[in-house]
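J.: My questions all concern the structure below.
The values are calculated or read from the model by the stated rules, or taken from the named source; none is laboratory data. These figures come from a predicted structure and were not determined experimentally. Every residue, glycine as well, gets a Cβ built from its backbone with ideal geometry; the counts of neighbours run over all protein chains shown. Accessible surface areas use protein heavy atoms only, side chains included; no ligands, DNA or RNA. Shrake-Rupley method; radii C 1.70, N 1.55, O 1.52, S 1.80 Å.
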Amino acid sequence: MQWLILAFLIFPAALVTAQEMPPAAEVCAGCHGTSETLPIDPAYPILSGQQYYYLYVQLKDFKAGRRENEIMQGVVADLDRKAMKAIARYWSEQPWPRTAFTYDANDRKLAEQAVVSAECTACHLGGFEGNSRVPRLRNQQPGYLQKTMLDYKYRRRRNSPNMLALFKTVPDAQIEALARYLSGL
Ligand code: HEC
Ligand code: HEC
């Protein structure tokens, strides 16, 4: 006990961080990163700071097989609803990590055309920070954004009928520009 108090006085920040991350979240952090580190692969999404209800719905969809991904279906196999809610809550309450993604003037031109014509901000909100069931896109990893929009377009991600219809007619090059633009906002 005395040792603990002493350790807390000397290393307060270290102790708090170590206590805060629940064991279940450490597994996620190994691939998705944390509020301080980016995911280990450009095609893996940031979870830290993402909308709570959106995260929970995705976990449920992976579990039910409505959203298909071999890795994530394995991850959620042993989680019940209560555990999925708790882990979604935990990640939604962490800050978004610092990112430094960039886009150029041509990306911006192509992206803004799509944003205006499909009214993305009606749902994702003006700064693309999302809300509840609608995910934050701002500063998300460009590799992941591109992959998942192409997955909607080519019907590999089928858990959201609205989004399927949306990308059907958007050219691949415009999707790539959108991904860079959203990540660099
Ligand atoms: C071995 C690597 C790995 C681990 C461990 C892992 N994930 Fe994932 N996760 C992925 C990949 C890859 C994707 C992207 C799937 C796709 O492209 O559709 C993903 C996608 C997701 C998504 C969808 C995000 C979005 O923006 O749509 C959520 C939510 C998620 N993971 C939550 C978790 C949680 C919670 C944990 C820990 C309990 C976890 N993941 C552990 C690799 C992993
Ligand atoms: C009618 C409301 C609506 C509109 C308009 C809309 N979205 Fe979405 N978007 C959603 C919802 C809801 C989801 C979550 C779908 C799911 O659960 O799979 C989503 C998911 C996404 C995702 C997946 C994010 C992730 O983390 O996996 C991307 C990328 C995206 N939208 C981009 C766009 C872009 C770009 C536009 C405009 C061209 C747009 N959306 C327009 C409601 C909308």
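J.: From the list Pro12, Pro42, which one is open to solvent by 50 Å² or more (accessible area, probe 1.4 Å) and modelled with pLDDT of 95 or more? Give the steps one after another, and end with the answer.
T.: Details: Pro12 fails: modelled with pLDDT of 95 or more.
Result of the check over Pro12, Pro42: Pro42.
J.: Scan the stretch 16-35 and report the pairs whose first residue is over 15 Å from Pro97 (Cβ atoms) and whose second residue is of a type in the set (Phe, Trp, Tyr) and at pLDDT 90 or above, with Cβ atoms within less than 7 Å and a gap of 6+ or a chain change.
T.: Listed by first residue and then by second, the contacts come to Pro22/Tyr90.
J.: Hey, any hits in the stretch 160-167 for a residue that's open to solvent by 50 Å² or more (accessible area, probe 1.4 Å) and either near ligand 2 (Cβ under 8 Å from one of its atoms) or touching a Ser or Thr at 6+ places or on another chain (Cβ under 9 Å) (or both)? Explain how you work it out, then say what you get.
T.: The initial filter retains those residues of the stretch 160-167 that are open to solvent by 50 Å² or more (accessible area, probe 1.4 Å), namely 161-162, 165-166.
Still in the list and also either near ligand 2 (Cβ under 8 Å from one of its atoms) or touching a Ser or Thr at 6+ places or on another chain (Cβ under 9 Å) (or both): 162, 166.
Taking every residue of the stretch 160-167 in turn, at least one turns out to be open to solvent by 50 Å² or more (accessible area, probe 1.4 Å) and either near ligand 2 (Cβ under 8 Å from one of its atoms) or touching a Ser or Thr at 6+ places or on another chain (Cβ under 9 Å) (or both).
J.: For the stretch 77-87, what are the residues that are under 16 Å from the mean Cα position of the chain (by Cα) and more than 7 Å from ligand 1 (Cβ to nearest atom)?
T.: Met84, Lys85 - these are the residues of the stretch 77-87 that are under 16 Å from the mean Cα position of the chain (by Cα) and more than 7 Å from ligand 1 (Cβ to nearest atom).
J.: Still on this model: Can you tell me which residue in the stretch 133-158 is nearest to Ala64 (Cα to Cα), limited to those that are among the polar types (S, T, N, Q) and open to solvent by 20 Å² or more (accessible area, probe 1.4 Å)?
T.: So the first thing to find is which residues in the stretch 133-158 are among the polar types (S, T, N, Q), and the list is 139-141, 146, 148.
From what is left, the residues that are open to solvent by 20 Å² or more (accessible area, probe 1.4 Å) are 139, 146.
Numbers: Asn139: 29, Gln146: 24 Å.
Among them, the one singled out is Gln146.
J.: Further question: Just for the stretch 96-124: of the residues that are of a type outside the set (Gly, Ala, Ser) and over 15 Å from Tyr181 (Cα atoms), which one is farthest from ligand 2 (Cβ to nearest atom)? Steps first, please.
T.: We begin by selecting, within the stretch 96-124, every residue of a type outside the set (Gly, Ala, Ser); these are 96-99, 101-104, 106-110, 112-113, 115-116, 119-121, 123-124.
Applying the additional criterion that residues be over 15 Å from Tyr181 (Cα atoms) yields 96-98, 119, 123.
Details: Trp96: 13, Pro97: 15, Arg98: 18, Glu119: 5, Cys123: 3 Å.
This residue is Arg98.
J.: While we're on this one: Given the structure, is Ser183 part of a helix (DSSP H, G or I), touching a Ser or Thr at 6+ places or on another chain (Cβ under 8 Å) and of a type outside the set (A, V, I, L, M)?
T.: On the way: part of a helix (DSSP H, G or I): yes; touching a Ser or Thr at 6+ places or on another chain (Cβ under 8 Å): yes; of a type outside the set (A, V, I, L, M): yes.
Taking the combined requirement at face value, the residue satisfies it.
J.: If you check Gly74, Gly126, which single one turns out to be within 14 Å of ligand 1 (Cβ to nearest atom), of a type outside the set (A, V, I, L, M, F, W, C), over 17 Å from the mean Cα position of the chain (by Cα) and open to solvent by 30 Å² or more (accessible area, probe 1.4 Å)?
T.: Among Gly74, Gly126, only Gly74 is within 14 Å of ligand 1 (Cβ to nearest atom), of a type outside the set (A, V, I, L, M, F, W, C), over 17 Å from the mean Cα position of the chain (by Cα) and open to solvent by 30 Å² or more (accessible area, probe 1.4 Å).
J.: Among the numbered criteria (1) acidic (Asp, Glu); (2) under 18 Å from Tyr54 (Cα atoms); (3) not assigned by TED's automatic domain parsing to the domain that holds Gly49, which one does Asp80 miss?
T.: Looking at each condition in turn, Asp80 falls short on (3).
J.: Could I ask something else about it? Looking only at the stretch 19-39, count every residue that is more than 10 Å from ligand 1 (Cβ to nearest atom) and either open to solvent by less than 30 Å² (accessible area, probe 1.4 Å) or at pLDDT 95 or above (or both) and tell me the total.
T.: 6
J.: Any idea which residue in the stretch 127-159 is nearest to Glu112 (Cα to Cα), counting only those that are within 10 Å of ligand 2 (Cβ to nearest atom) and of a type in the set (Gly, Ala, Ser)?
T.: Per the criteria, the residue is Gly130.
J.: Out of everything in the stretch 91-123 that is polar (S, T, N, Q) and surrounded by 14 or more Cβ atoms within 10 Å (Cβ to Cβ), what residue ends up being farthest from Ala29 (Cα to Cα)?
T.: At the first step, the residues of the stretch 91-123 found to be polar (S, T, N, Q) are 92, 94, 99, 102, 106, 113, 117, 121.
Now narrow it down to the ones that are surrounded by 14 or more Cβ atoms within 10 Å (Cβ to Cβ): 92, 94, 99, 113.
Numbers: Ser92: 13, Gln94: 12, Thr99: 16, Gln113: 35 Å.
Once the filter is applied, the top-ranked residue is Gln113.
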